[in-house]
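The values are calculated or read from the model by the stated rules, or taken from the named source; none is laboratory data. Quick caveat: nothing in here was measured; it's all calculated off a predicted structure. In this analysis, Cβ positions are derived from the backbone assuming ideal geometry, glycine residues included, and neighbour counts consider all displayed protein chains. What goes into the accessible areas is simple: the full protein's heavy atoms, side chains included, and nothing from ligands, DNA or RNA. Shrake-Rupley method; radii C 1.70, N 1.55, O 1.52, S 1.80 Å.
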Amino acid sequence: MSPNIELVIFDWDGTLFDSVGQIVASLQYAAQQFEQPLTDEAAKSIIGLGLPEVMQILFPQVPDLHQDILQCYADHYVANSKSDVWFDGVAELLADLKQQGLKLAVATGKSRKGLDRVLVQTNSLALFDITRAASETKSKPDPLMLQEILTELDVAADRAIMVGDTSYDLEMAQNLKMPRIGVSYGVHSIETLQQYQPLTVAHTVQDLHVYLQRVLNVAALTES
C-alpha cells in the first residue's frame, strides 16, 4: 500500500449509515405483499448490491413482479426510515478526515434518488468530493464504480482506501488492487470479509477512526 493516501471511499448502508434493519424490514414487507418467501438472512445478505440485482437474486421465480416489488420496497423504506442515522462516531470521523485534506467519496448500492435523499437527510453532501450510486453505473462487485471515482478525482488506486461492510465492497476494491478495510458492525461476518485480504477489520467506527489515523500518520512521517 502506498503511504500517500489521498482518498477514502465509503460504502453507505451498514458502513456509515445505520439502516440495515430497515432495509431488511422493507424487503420483508414487500415480499409479503406479493406472497413471496424471504428470510431475514437472505434479505440481509444482498445489501450492497444494486436493486435490479437484488430482485434477480431474491425473487428469480417472478421476474414480471420485480418492478412492483421494488416500488413497494422503496415506498415502505422511505416511509419508515426517517429515524435512520449515521453510526456513532461517523460525523466525527468524516469531519476529521476532511480537515486533514483527504478527499472523500461514497460508492453505494443505493439508487441515485435514494442516495441523494439520505445525503440531504444527513446534511453531508458537502463532505464528499464525489458519490456513485449503483443505478448510474455497474453494481458491486464490478469495479467500474471505483474506476469512475478514481478517474474523476485523478487518484491512483493505490492511493485510495475502500471501506465497507460486505464482501461486495472488498471484492470490488480487490479487483483494482485498491487497499481496503472491512467493518464488522454491518452485514457480513468477519470471516467473510477476511477472505478479501483487508488491511484490517474494524469492529466499531471508533476502531476505524483510530486505524485510519495510524495510516495517515505513517504517510505524514514518510513524506516529511
Exercise for review: Calculate, for GLN71 and THR151, the FRET efficiency according to 1/(1 + (r/R0)^6) with r their C-beta to C-beta distance and R0 25 Å; round to the nearest 0.05.
Suggested key: 0.15
Point to revise | Sum of -39500 (n - 2.57) over DSSP H runs of 4+, divided by residues of the chain (222 nm, nearest 500) | key: -14000 deg cm²/dmol
Review point. Tally Lys/Arg at +1 and Asp/Glu at -1 over every other residue whose Cβ is under 11 Å from the Cβ of LEU7; what's the total?
Key: -3
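Assuming a ≥ b ≥ c are the square roots of the Cα gyration tensor eigenvalues, decide whether the stretch 128-224 counts as rounded (a/c under 1.5), prolate (otherwise, with a/b larger than b/c) or oblate. All intermediate terms of the calculation are to be shown ahead of the outcome.
On the way: a/c = 1.82, a/b = 1.09, b/c = 1.67.
Because a/c hits 1.5 or more and a/b fails to exceed b/c, the stretch 128-224 counts as oblate.
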Study note, to complete from the structure: HN-Hα couplings for the stretch 101-118 via Karplus (6.51, -1.76, 1.60; θ = phi - 60°), in whole Hz with x for Gly/Pro, come out as x, 6, 7, 10, 9, 10, 10, 9, x, 5, 6, 4, 4, x, 5, 4, 5, 6
Review point. Out of ASN123, ASN80, ASN175, any idea which swings most in a Gaussian network model of the chain, alpha carbons joined below 10 Å?
Key: ASN123
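For the chain, give me the percentage of DSSP beta bridges that are antiparallel, rounded to the nearest 5 percent. Walk me through the numbers before you get to the answer.
Numbers: 1 of 20 bridges.
Of the beta bridges lying entirely in the chain, close to 5 percent run antiparallel.
For LYS138, LYS177, what's the largest-to-smallest order of accessible area, 1.4 Å probe?
Highest to lowest solvent-accessible surface, that is LYS177, LYS138.
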Check your understanding: Among the lysines, which fall within straight-line cross-link reach of LYS113, defined as a Cα-Cα distance under 28 Å, with same-chain neighbours fewer than 8 residues apart omitted?
Key -> LYS44, LYS82, LYS98, LYS103, LYS138, LYS140
Practice item. List the residues whose amide H sits under 5 Å from the amide H of TYR185, counting only those 5 or more places along or on another chain, with H placed 1.01 Å from N in the peptide plane. Key: none
Point to revise | Residue of GLY50, GLY164, GLY21 that the Gaussian network model of the chain assigns the largest fluctuation, springs spanning Cα pairs under 10 Å | key: GLY21
Revision key, fill the gap. Highest GNM mean-square fluctuation among LEU125, LEU49, LEU27, for the chain with Cα springs under 10 Å, belongs to LEU125
Exercise for review: Output ³J(HN,Hα) for the stretch 38-50: one whole-Hz value per residue in order, computed from phi by the Karplus curve 6.51 cos²θ - 1.76 cosθ + 1.60 with θ = phi - 60°, and x for Gly and Pro.
Suggested key: 7, 8, 4, 4, 5, 4, 5, 5, 9, 4, x, 7, x
Check your understanding: Check ARG180: other-chain or 5+ apart residues with amide H under 5 Å from its amide H, H built from backbone geometry?
Key -> MET162, LEU199
Study note, to complete from the structure: Scalar couplings 3J(HN,Hα) for the stretch 85-90 by Karplus 6.51 cos²θ - 1.76 cosθ + 1.60 (θ = phi - 60°), nearest whole Hz, x for Gly and Pro, are 9, 4, 4, 4, x, 5
Review point. How far is it, in nm, from the label point at ASP96 to the one at THR192 when both lie 7 Å from their Cα along the line to the Cβ?
Key: 2.8
Check your understanding: Label-point separation (nm) for GLN61 and GLU6, each offset 7 Å from Cα along Cα-to-Cβ?
Key -> 5.1
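Which of rounded, prolate, oblate describes the chain, given a ≥ b ≥ c as roots of the alpha-carbon gyration tensor eigenvalues and a/c under 1.5 marking rounded, otherwise prolate only if a/b is larger than b/c?
On the way: a/c = 1.94, a/b = 1.80, b/c = 1.08.
Cα axes put the chain in the prolate bin.
Provide the gained length on full extension for the span THR39 to GLU136, in nm with one decimal, where the gain is 0.36 nm per separating residue minus the Cα-Cα distance. Please report the intermediate quantities before stating the final value.
Details: separation 97, 0.36 × 97 = 34.92 nm, distance 2.87 nm.
Length gained between THR39 and GLU136: 32.1 nm.
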